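Here the structure is laid out as structure tokens; the discussion comes afterwards.
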Amino acid sequence: MNEKSLRVLEFHKIIDMLTARATCAPGRALCEKLRPSVVLTTIEQAQHETADALSRILRFGSTSFGSTRDLGGAYLSLQASASLSASELLHIAQFLENVARVKSYGREADGQTADPDTEETGGDVLSHYFEDLAPLTPLSTEIRRCILAEDTIADDASQNLKRIRREVLTTGDKIHAQLLSMVNGSYRTYLQDAVITQRGDRYCIPVKAEYKSLVSGMVHDQSASGSTYFIEPSAVVALNNRLSELAAEERDEIAVILGKLSAQAAEQVVYLKTDQQIMTQLDFIFAKAQLAVDMNATRPIFNEEHRVYLRKARHPLIDAKQVVPIDLMLGKDFDLLVVTGPNTGGKTVSLKTIGLLTLMGQAGLHIPTLDRSELSVFREVYADIGDEQSIEQSLSTFSSHMTNIVQILKHADEHALCLFDELGAGTDPTEGAALAISILDYLHQRGIRSMATTHYSELKVYALSTPFVENACCEFDVESLRPTYRLLIGIPGKSNAFAISSRLGLPDHIIDAAKAQISDSKESFEDLISDLQQSKIKIDREEAEITQLRREAETLKKQLEEKTSKLDARREDLLRDAREEARDILQEAKDYADETIRLFRKAGENTTMRELEQSRQKLHGKISDQNSKISVQKKEQKPAGSSLSEKDIHIGDKVKIVSMGLTGTISSMPDRNGNLFVQCGIMRTQAKLSDLIAVQEETVTGAGTSSISSGKKSGKLRMGKAFSVSSEINLLGLTADEAIMQLDKYLDDAYLAHLSTVRIVHGKGTGVLRKAVQQYLKKCKIIDSYRLGEFGEGDAGVTIATFKG
């Protein structure tokens, strides 16, 4: 790829943006060397790596490779069996610790992308990079154990170093003790100050000049005034000498320690080099992914048919908040695109966008477009953009452009992409237009993908009249005198010079005179262009609306289908559950009724009246419970039958209670509330007149006719509730829930037995049971009023309830 096109299309600015996102020096150096490739497999591999790194960043966050350094000099020293310094060994330890962290990041990401159902390990094209990293933890741990800082070796680095430093401390303590005895003893009057000081690595005391001869020892220094001599007393000379010897031994021992650590590192030099290469490559790849995140870029689809299709492409060097996305295609229906329109309308930006995104894609970078955008592999991208006139070389604007064009025509072939800005400009318009048409036609005949911007109307006509050549324009809003920067393919552009001049205040008579200079045919052509542009804008807007409506309709259809499917499934589940529950309920009721009927048949033998009444109550409660479970009819719905009014009924008429599904005979006339009693077999039930329908009497004949009221026993079987229901219920010792359950059943029986009041014993206690009873009575529909018991009735431990009339 020629460097001139890279510079003209500002590829170096993309490289600068990429380099800024690398976290280590070797990675930044690799970014600076990035250039577009012309090999499809290489491009696809680079794009795949960028895509997988982008996926990891979006799912697991980014990571840093900042401790990666160029350790080339250290590697050479290790290969030559030379010892490294403490700082170099620390750099290696820091690097290996970062390698371990990066490897852990890769392992965690691969683990989270694994399929738990198939037990397959997750991974992508980057997985082998992370797998090949060798953290060499024992080496980094040993370096950290021995070297605390660049100038500090740990005492525990070796036993000999520990012994030497312990002896240094002991010797130092002896010297201080000896000198302190002198400073605080007989030498006190000889000293300038009662302190111990050092000159070089020797301990001394500051002696006054006049007492110099009285202190035996070696003079190491003298003050600037000459009044003080720094003397090493003879008593500590041997100890100071020993300190010097120990310091030398310490240096030798540190050299031994560094040599051993360097030897251990030398054994792993191959892994160290591999780690540095992988870390540098990963930093480079993740820098590309981070650039894609910042640009909101996507992976392009590459082809070898020299076909380009960019969806909502954005120039990466323009502020994302200001750039206007464009749709741009080339190479499918046409191989030459001529872009016309007014200045500052976005023609050059469109030209640079296709060129720069092509270079980025072939360099393995994602491009700022919508997904499913397509690029092709071009061996060269030629661009003649901008004014490169040279005074030194006596080149005018036209000459500089033509020089570039000559070189392009000399080297371009069918595998190249050619971009021309203002082709043929800078000279006589007639000759310039002729040259531009000739150059573009030459490229078109050779099948070279080309895109050119121009103001010449002749090129618009050429594009309209030549197969596989297409016009395009940059939309311009005449009302606001501002370009919209939208690229409209299929419509030639209009300069709008007259409209712009009029809006800016140029007198009408001058504009009219200018229009008179244009031939009628040319003016008609420009008007036709304007009409086409407006029609194209309208069609695009309508297509966008249709697409949006179609998308919304598809969404609504999908939602409706899902909802219908869920409702159907729910309906089947409910019906199945209802059938099963109804079957169980009916079977239970049938079994219970059969048992009760058998008991009634034996009533004349050993069964008492109380037992029969209790059985009847249980049967009544059981039937009511089962009826309430399976009843799904609404109150306003009535089965087929005749509706009844008060004047239509008589005692003894046969009726059916709709809500309970029972048939019986009327045993009392309705009261003012429409309530009456119906005798259903052995049960006397209260019902509302509106809940009854008339039933035709059935005449039963034949030998099978029988009567329960036979013999002497018939007079004894009076089944009224009043004989078995007490006017008092005792709830003492029950919980609130248990008490309410018994109270509910008791009140129902008492009401059917025509009791007017009942006495409910709940006790005083904490008041919880009394409160629960009274709250229930307050909501009970058959209770008219209630009160606490008075003196002699049980006081606050009793509640008296009165039924409704």
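Go through (1) open to solvent by less than 50 Å² (accessible area, probe 1.4 Å); (2) more than 60 Å from the chain's Cα centre (by Cα); (3) over 28 Å from T170 (Cβ atoms) one by one and return the number of the condition A265 breaks.
Going through (1) open to solvent by less than 50 Å² (accessible area, probe 1.4 Å); (2) more than 60 Å from the chain's Cα centre (by Cα); (3) over 28 Å from T170 (Cβ atoms) one by one, A265 breaks only (2).
Restricting attention to segment 438-447, which residues are open to solvent by less than 60 Å² (accessible area, probe 1.4 Å) and farther than 14 Å from P467 by Cα?
Taking segment 438-447 first, the residues open to solvent by less than 60 Å² (accessible area, probe 1.4 Å) are 439-441, 443-444, 447.
Matches in segment 438-447: I439 only.
Determine which member of the set S710, S668 is open to solvent by 30 Å² or more (accessible area, probe 1.4 Å) and either at pLDDT 70 or above or not in a strand (DSSP E or B) (or both).
Details: S668 fails: open to solvent by 30 Å² or more (accessible area, probe 1.4 Å).
The match here is S710.
For segment 145-174, what are the residues that are charged (D, E, K, R), without any contact (Cβ under 8 Å) to a residue 60 or more places away in the chain and touching a Leu at 6+ places or on another chain (Cβ under 8 Å)?
D155
Show the residue pairs meeting these rules: Cβ distance below 8 Å; 6+ apart or different chains; first residue within segment 375-391 and open to solvent by 60 Å² or more (accessible area, probe 1.4 Å); second residue at pLDDT 90 or above and in a strand (DSSP E or B).
Here the result reads R379/A416, each pair linking segment 375-391 to a residue that is at pLDDT 90 or above and in a strand (DSSP E or B).
Filter segment 59-81 down to the residues that are part of a helix (DSSP H, G or I) and closer than 20 Å to T141 by Cβ, then identify the one that is nearest to the chain's Cα centre (by Cα).
Quick first cut of segment 59-81, residues part of a helix (DSSP H, G or I) only: 59-60, 72-79.
Adding the requirement that they be closer than 20 Å to T141 by Cβ leaves 74, 78.
On the way: A74: 44, L78: 47 Å.
For segment 59-81, the residue satisfying everything is A74.
Give me the residue from segment 409-423 that is in contact (Cβ under 8 Å) with a residue 24 or more places away in the chain and open to solvent by 10 Å² or more (accessible area, probe 1.4 Å) and, out of that set, nearest to I385 (Cα to Cα). Spell out the reasoning first.
As a first pass, look at segment 409-423 and keep what is in contact (Cβ under 8 Å) with a residue 24 or more places away in the chain: 409, 411-423.
Next cut, open to solvent by 10 Å² or more (accessible area, probe 1.4 Å) only: 409, 411, 413-415, 421-422.
Numbers: L409: 15, H411: 17, D413: 19, E414: 21, H415: 20, D421: 5, E422: 8 Å.
Ranking the candidates gives D421 first.
Here are the criteria: (1) crowded, with 21+ Cβ neighbours inside 10 Å; (2) within 29 Å of A46 (Cα to Cα); (3) of a type in the set (S, T, Y). Tell me which single one T340 does not satisfy.
Result: T340 passes all but (2).
Within segment 723-731, can one find any residue that is among the polar types (S, T, N, Q), over 27 Å from R672 (Cβ atoms) and at pLDDT below 70?
The first filter runs over segment 723-731 and keeps only residues among the polar types (S, T, N, Q), leaving 724, 726-727, 730.
Going one step further and asking which of them are over 27 Å from R672 (Cβ atoms), we end up with 724, 726, 730.
Now drop any that are not at pLDDT below 70, which leaves 724.
Yes, there is a match, as at least one residue in segment 723-731 is among the polar types (S, T, N, Q), over 27 Å from R672 (Cβ atoms) and at pLDDT below 70.
Does A255 qualify as being hydrophobic (A, V, I, L, M, F, W, C), open to solvent by 30 Å² or more (accessible area, probe 1.4 Å) and either within 28 Å of I147 (Cα to Cα) or free of Cβ contacts under 8 Å to residues at least 24 places away in the same chain (or both)?
Details: hydrophobic (A, V, I, L, M, F, W, C): yes; open to solvent by 30 Å² or more (accessible area, probe 1.4 Å): yes; either within 28 Å of I147 (Cα to Cα) or free of Cβ contacts under 8 Å to residues at least 24 places away in the same chain (or both): yes.
Judged against the criteria, A255 is a match.
Of all residues being hydroxyl-bearing (S, T, Y) and open to solvent by less than 20 Å² (accessible area, probe 1.4 Å) in segment 134-172, which is farthest from E249 (Cα to Cα)? Just the residue, please.
Filtering segment 134-172 down to residues hydroxyl-bearing (S, T, Y) leaves 137, 140-141, 152, 158, 170-171.
If we keep only those that are open to solvent by less than 20 Å² (accessible area, probe 1.4 Å) too, we end up with 140, 171.
Values: S140: 26, T171: 14 Å.
Going through the qualifying residues, I end up with S140.
State whether the residues of segment 170-178 include one that is over 30 Å from V256 (Cβ atoms) and part of a helix (DSSP H, G or I).
Taking segment 170-178 as the starting set, the residues that turn out to be over 30 Å from V256 (Cβ atoms) are 177-178.
This time we only want the ones that are part of a helix (DSSP H, G or I), so: 177-178.
For segment 170-178, residues over 30 Å from V256 (Cβ atoms) and part of a helix (DSSP H, G or I): present.
Among what's in segment 231-252 and is more than 60 Å from the chain's Cα centre (by Cα) and among the charged types (D, E, K, R), pick the residue that is most open to solvent (accessible area, probe 1.4 Å). Before you say what the answer is, go through the steps one by one.
Filtering segment 231-252 down to residues more than 60 Å from the chain's Cα centre (by Cα) leaves 231-249.
Of the ones still in play, those that are also among the charged types (D, E, K, R) are 232, 242, 245, 249.
Details: E232: 0, R242: 66, E245: 96, E249: 62 Å².
Checking each candidate, the answer is E245.
Of everything in segment 203-230 that's at pLDDT 85 or above and of a type in the set (V, I, T), which residue is surrounded by the most Cβ atoms within 10 Å (Cβ to Cβ)?
I205
Listed residues T41, T63, T50, T68; which is of a type in the set (S, T, N, Q) and free of Cβ contacts under 8 Å to residues at least 24 places away in the same chain?
Residue meeting the stated conditions: T41.
Can you name every residue in segment 412-455 that is part of a helix (DSSP H, G or I) and either within 29 Å of S37 (Cα to Cα) or acidic (D, E) (or both)?
We begin by selecting, within segment 412-455, every residue part of a helix (DSSP H, G or I); these are 429-445.
Hits for segment 412-455 are E431, I439, L440, D441, Y442, L443, H444, Q445.
Given L532, L481, which one is surrounded by fewer than 14 Cβ atoms within 10 Å (Cβ to Cβ), hydrophobic (A, V, I, L, M, F, W, C) and modelled with pLDDT under 75?
Numbers: L532 fails: surrounded by fewer than 14 Cβ atoms within 10 Å (Cβ to Cβ).
None of the others qualify; the one that does is L481.
Looking at (1) within 29 Å of P300 (Cβ to Cβ); (2) assigned to a loop (DSSP other than H, G, I, E, B); (3) modelled with pLDDT under 90, which one does L84 not meet, given that it meets all the others?
Among (1) within 29 Å of P300 (Cβ to Cβ); (2) assigned to a loop (DSSP other than H, G, I, E, B); (3) modelled with pLDDT under 90, L84 violates only (1).
Among A739, A753, which is the only one that is at pLDDT below 80 and either buried (at least 17 other Cβ atoms within 10 Å of the Cβ) or among the aliphatic types (A, V, I, L, M) (or both)?
On the way: A739 fails: at pLDDT below 80.
Among A739, A753, only A753 is at pLDDT below 80 and either buried (at least 17 other Cβ atoms within 10 Å of the Cβ) or among the aliphatic types (A, V, I, L, M) (or both).
Applying the selection to segment 752-805, what residues are free of Cβ contacts under 8 Å to residues at least 40 places away in the same chain, among the basic types (K, R) and outside any loop (DSSP other than H, G, I, E, B)?
Hits for segment 752-805 are R770, K771, K778, K779, R787.
Take D110 and decide whether it is of a type in the set (D, E), outside any helix (DSSP H, G or I) and over 30 Å from S376 (Cβ atoms). Full working, then the answer.
Numbers: of a type in the set (D, E): yes; outside any helix (DSSP H, G or I): no; over 30 Å from S376 (Cβ atoms): yes.
When the stated conditions are applied, D110 does not pass them.
Would you say I43 is of a type in the set (A, V, I, L, M, F, W, C), under 14 Å from L291 (Cβ atoms) and outside any loop (DSSP other than H, G, I, E, B)? Break it down stepwise before answering.
On the way: of a type in the set (A, V, I, L, M, F, W, C): yes; under 14 Å from L291 (Cβ atoms): no; outside any loop (DSSP other than H, G, I, E, B): yes.
Here the answer is no, as I43 does not meet what is asked.
The values are calculated or read from the model by the stated rules, or taken from the named source; none is laboratory data. In this text the structure is predicted, and so the values were computed from the model without any measurement. Reconstructed Cβ throughout: ideal geometry from the backbone, glycine too, with neighbour counts over all protein chains shown. Note: accessible area is taken over every heavy atom of the protein model, side chains too, but ligands, DNA and RNA are not part of it. Shrake-Rupley method; radii C 1.70, N 1.55, O 1.52, S 1.80 Å.
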